[in-house]
Amino acid sequence: MPKAFLICNSKKFKKDNFLIPIQQELLENEGESVVSIDLNYTNFHLKFDQYICHNDYIHNTRGRVFNKDFNYYLEPLSFYSYYKEDENLLFIQTKTDAALDFISKLSRTKEYNLETVKIDFKSMIPLITEVAGAWIADLKRAHLKTAGYFGHNVHRSEEYKESAAEGNVSSIQMKYISLKSGKEHYIAISKKGSIILYDTFPTIEDEIDIVYEVYEQFIKPHL
């Protein structure tokens, strides 16, 4: 299963354990949303501290269960985050929309100020050895709003160029050779600020190595 790491810059980050008071996130008649972030290991890997996080992610979906209508439901998610203080850099390892919700809730407190990194595909693509796929959103066609293109260096095709000029690139997939291991991996970068790993890695440390490499090579130079 793919793993997504949302990449964030931190202007303010509380290093101690933190629980958002339940009163701030009270959901009337629907249950309570809990958000927490707890330090697990200092200097876990590459000077990243590891945190255990929890977010009751709210899905705005209407339905009816046990003869009761609801407008949303809570999905409890527990996951790791990795904070590198000397770079004010935070990696959040959970699905992208839930991670965005998590940093939004934290940043509404006085203890955190977190922002996703800006993704500049136009500047990034020339640095990539092989672009293997791309999704383009916001197309203005009658029956097609999103299109996917796949193949060796697909960004050079006329179909891709036409769609990219018309809409917005929402993600790209690439074949990436690790600087550390020399192995090739299939990786995606999303416009929302996530790096997605499609391969299975032996350890969490190996995952962090790849995510940090991709960040350093393709995202950081254009911030």
Residues of the range 183-223 satisfying the condition of being among the β-branched types (Val, Ile, Thr) and within 14 Å of the chain's Cα centre (by Cα): Ile187, Ile189, Ile195, Ile196, Ile208, Val211, Val214, Ile219
Please enumerate the residues belonging to the range 98-132 that are under 15 Å from the mean Cα position of the chain (by Cα) and free of Cβ contacts under 8 Å to residues at least 24 places away in the same chain. Ser104
Would you check if Lys95 is open to solvent by less than 40 Å² (accessible area, probe 1.4 Å) and of a type in the set (Lys, Arg)? no
Which residue pairs have Cβ atoms under 6 Å apart, sit 6 or more places apart or on different chains, and have a first residue in the range 155-183 that is closer than 12 Å to Val131 by Cα and without any contact (Cβ under 8 Å) to a residue 40 or more places away in the chain and a second that is polar (S, T, N, Q) and open to solvent by less than 30 Å² (accessible area, probe 1.4 Å)? Ser171/Ser190
Residue check, Glu75 closer than 21 Å to Pro2 by Cβ and either surrounded by 15 or more Cβ atoms within 10 Å (Cβ to Cβ) or touching a helix residue (DSSP H, G or I) at 6+ places or on another chain (Cβ under 8 Å) (or both): yes
When the range 105-128 is checked residue by residue, the ones that are surrounded by fewer than 13 Cβ atoms within 10 Å (Cβ to Cβ) and assigned to a helix (DSSP H, G or I) are Lys122, Ser123, Pro126, Leu127
Residues within the range 45-72 that are out of contact with any helix residue (DSSP H, G or I) (no Cβ under 8 Å at 6 or more places or on another chain), open to solvent by 50 Å² or more (accessible area, probe 1.4 Å) and modelled with pLDDT of 95 or more, tallied: 1
Could you please give the count of residues in the range 171-185 that are surrounded by fewer than 18 Cβ atoms within 10 Å (Cβ to Cβ) and either out of contact with any strand residue (DSSP E or B) (no Cβ under 6 Å at 6 or more places or on another chain) or under 18 Å from Lys122 (Cβ atoms) (or both)? 6
Among the residues of the range 129-146, the number that are surrounded by fewer than 18 Cβ atoms within 10 Å (Cβ to Cβ), of a type in the set (A, V, I, L, M, F, W, C) and under 26 Å from Asp97 (Cα atoms) is 3
Filter the range 147-170 down to the residues that are in a strand (DSSP E or B) and touching a Phe, Trp or Tyr at 6+ places or on another chain (Cβ under 6 Å), then identify the one that is surrounded by the fewest Cβ atoms within 10 Å (Cβ to Cβ). Gly148
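The values are calculated or read from the model by the stated rules, or taken from the named source; none is laboratory data. Here the structure is a predicted model, which means the values were calculated and not measured. Cβ: placed from backbone, ideal geometry, glycine included. Neighbour counts: every protein chain shown. Heavy atoms of the whole protein, side chains included, go into the accessibility calculation; ligands, DNA and RNA do not. Shrake-Rupley method; radii C 1.70, N 1.55, O 1.52, S 1.80 Å.
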